[in-house]
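Structure record follows, encoded as structure tokens.
Please treat every number below as a calculation from the coordinates, not as lab data. Everything numeric in this text was worked out from a predicted model, so none of it was measured. Reconstructed Cβ throughout: ideal geometry from the backbone, glycine too, with neighbour counts over all protein chains shown.
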Amino acid sequence: MVSFDLFNVKQRQAESLKNYLNRYEAFTVKLQTHDEPLMVNAFGQGVMARPFSDSLIRNLTMISLKYDVELSLISVQKKQYL
């Protein structure tokens, strides 16, 4: 198994978001991946479209984008001191 296998974990038709999250989390533990943006993206793509999940995915996307920007800023600041 590789990190990109996370994109194969999808929420099932009658599965609650909580159960999907638990199953997804168990899968990530098996992979022992620490690539947070990849994990957030894969989780979001596996959630079935419903009003609550749509708003959740929008929020997760914003958090992921903010995380990416913060990492970029840290990298730039680090280069300035070298």
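Among Met48, Met39, rank each residue by its count of other Cβ atoms within 10 Å, from fewest to most, as a rough exposure measure. Intermediate values should be presented prior to the final figure.
On the way: Met48 14, Met39 19.
Neighbour counts put them in this order, fewest first: Met48, Met39.
With label points built 7 Å along Cα→Cβ from the Cα atoms of Ser16 and Ser3, find their separation and express it in nm.
With each label point 7 Å from Cα toward Cβ, the separation is 3.2 nm.
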